[in-house]
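The values are calculated or read from the model by the stated rules, or taken from the named source; none is laboratory data. All figures in this text were calculated on a predicted structure; none of them were measured in a lab. Note that we place each Cβ from the backbone using ideal geometry, even for glycine, and neighbour counts take in every protein chain shown. Please note that ligands, DNA and RNA were not included when accessible areas were found on the heavy atoms of the full protein model with its side chains. Shrake-Rupley method; radii C 1.70, N 1.55, O 1.52, S 1.80 Å.
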Amino acid sequence: MKYYLAPLEGLTTYVYRNAYHRIFHSMDKYFTPFIVPHRNRGFKEKELKEILPENNKGLYLVPQILTDDAKDFVRTAHEFKAYGYEEVNLNAGCPSGTVVPKGKGAGMLADTYRLEKFLDEVFEKIDGKVSVKTRLGMQDAEEFGEILEVYNKFPLEELIIHARIREDYYKNKPHLEVFAEALENSRNSVCYNGDLFSGEDYEQFVQQFPSVSAVMLGRGMMSNPGLLDEICDGKQLDKARLRMFHDEIYEENRKLMSGDRAVLFRMKELWAFMISVFEDNTKYAKRIKKAEKAKAYEMVVDELFYTQKLKVKGVRM
């Protein structure tokens, strides 16, 4: 089995990826949060930092592109190739209300004619590897039969399926019956994404779908960074490594960002997931959220790690 870290905007930055890679069980692939092409200039400084090879040493990194314009996708893919990247990923799954109405992300799935035309131009002009991260449709999982017919016309490096529709966002259960049909009928290699929060979840999934050769871990990994250690090595998360992980991300962000507010905003995004591994976490979650200064933040995090035990199994987001 291959394991991939899902791209989460504002969270799985190169700071996060490097800290994770050093401390926990390494991933086979890491994906950048989506990058939107810019027609009249190159990458923004923030985007460039994300993809610079020196900021991703030892990682197999796949840049993800969010666009509905094939020319922009091709041009950006060529720019990535100049930095040494042989694979790029198309985001056809983002459910955001600011993305979908523009026909991007999961919005690409609403019109299979446009989707096919887009991919036709991409594969005509790109000689590198192109993978796709997709949802099953916009409003009904049964839409995926027609969508899969489009994907099957192209030699995708991989088809990563988040087994939800756009209207699900991140709620409701994944549509595993439709995923089963997709797995059977796809002409491309399939990777699964969706609701793998524990070792038990993973084992149940593998028993149900033994032919799947890759899984992408997202919210489950953000909640419990030791999830892959549990899956691969039977190791439960311990506070020492979790604290090391937190401290490295915190200190690196303090070096890169200006002012407490920016740093704490980034850390609070992380804690929105990670707080769930602690047993009695409610009051600490509130105190972290209210912290406005580094000193206050550090005090509550110290207290959290000192007083609370971890509850790894059964963590849900």
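Within the range 184-205, being part of a helix (DSSP H, G or I) and open to solvent by 40 Å² or more (accessible area, probe 1.4 Å) holds for 184, 185, 200, 203, 204. For the range 211-245, name all the residues that are assigned to a helix (DSSP H, G or I), farther than 20 Å from residue 301 by Cα and basic (Lys, Arg). Answer for the range 211-245, where residues must be assigned to a helix (DSSP H, G or I), farther than 20 Å from residue 301 by Cα and basic (Lys, Arg): just 219. Residue count for the range 72-101 under the criterion of being farther than 22 Å from residue 167 by Cα and β-branched (Val, Ile, Thr): the result is 3. The residues of the range 18-69 that are more than 17 Å from residue 85 (Cα to Cα) and of a type in the set (Lys, Arg), listed by number, are 22, 39, 41, 44, 46.
Within the range 144-174, take every residue that is of a type in the set (Asp, Glu) and closer than 21 Å to residue 100 by Cβ and give me the one that is farthest from the chain's Cα centre (by Cα). Before the answer, list the steps.
Of the range 144-174, the ones of a type in the set (Asp, Glu) are 146, 149, 157-158, 167-168.
From the residues that got through so far, the ones that are closer than 21 Å to residue 100 by Cβ too are 146, 167-168.
Values: 146: 25, 167: 19, 168: 17 Å.
Among them, the one singled out is 146.
Looking across 196, 242, 228, 183, one residue alone is in contact with a helix residue (DSSP H, G or I) (Cβ under 6 Å, 6 or more places away or on another chain) and at pLDDT 95 or above. It is 196. Name every residue in the range 1-44 that is within 23 Å of residue 212 (Cα to Cα), crowded, with 20+ Cβ neighbours inside 10 Å and of a type in the set (Gly, Ala, Ser), in order of residue number. The answer is 6, and nothing else.
Of the candidates 177, 116, the single residue that is under 28 Å from residue 69 (Cβ atoms) and among the charged types (D, E, K, R) is 116.
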